[in-house]
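Accompanying notes for the structure given below.
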Amino acid sequence: MTNIDVLFLSSAILGTSRAHSSPPPFIVQIYREWGWEIFQSIERYCKLPVAYGKLKNVNHINEEPQDMLESFFLSETLKYLYLLQDPDSDLDLLSSVVFNTEAHPLRMLSLIPKHSRTSSGGHDGFPYLGSEPTSDAVSSFVSRGGGRYEEYKTGDSPYDPISQDIRDKSDELARKRRSFIVSAMKHAWHGYKTYAFGHDELLPRSMKGNDPWGGMGTTLVDSLDTLWLMDLRAEFWEARDWVRDVSALPPSKCDNMWNVCTIMHFY
């Protein structure tokens, strides 16, 4: 999955006023940019006519994607990429929500209103707010590489502080990017629904389902909260109805697949 989860969780927690007395204001904006580069690379190098396939080695970008769409691409990768570009999310990781190891948000006992981030004045020094996304730009994106790492590996930024105007521009740009990530989810889900609905995974090149987890509908179950967060309600209810009406797991399977079984129970 790469470390997209680290980008999201770090931006959501470290970029808050309650995590630090003086929160680093550049964290959210920088991690959004990195996440957007990751997404564009996925679109260019992993997208297939039917959903997406994975690269065996990301350093070999000219190789064809493999014939496998693992469930975590929908349930974790796209979810974290979406949340990185979602300034309007009400998931408060410090007070009301915790993510488990499979990227499923679980509500805590008390629901505390979302905090407001503190703003700091300063110059408009943020160096690289990306341009407004277009379909052509996303599909032809070439990553600029890791040259920024040296600037940020210590956790400092030469561009601090960031003005409220830059924060607002970053938020607006993120909202425009969300639609592209939702489109990626729709593309992946359509391929899964068409050729592998109810199976554990889709083989996008073979255009058929695969059941390495015993036919538990792992991709379907894992994708439920991603569909909900992206407001894909029709897809969500169809998947939920499958869990309600079709899925039937013996206790022996749930012993080793507690995560999937727990989600099935809640939905």
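Report the far tail of the P(r) of segment 178-228, meaning the percent of Cα-Cα pairs longer than 15 Å. Don't skip to the end; give the middle numbers.
On the way: 554 of 1275 pairs.
Cα-Cα pairs in segment 178-228 separated by more than 15 Å: 43 percent.
Of Lys56/Lys176; Lys56/Lys79; Lys79/Lys208; Lys176/Lys208, which pairs sit farther than 26 Å apart, going by alpha carbon to alpha carbon?
Flagged as over cut-off: Lys56/Lys176; Lys176/Lys208.
Relative contact order of segment 23-107: what whole-number percent is it, with Cα pairs under 8 angstrom and at least 6 residues apart? Please report the intermediate quantities before stating the final value.
Numbers: 59 pairs, mean separation 17.4, N = 85.
That works out to 21 percent.
Computed from the coordinates by the stated procedures, all read-outs in this text should not be read as laboratory data. It should be emphasised that the depicted structure is a prediction, and the values quoted were computed from it without experimental measurement.
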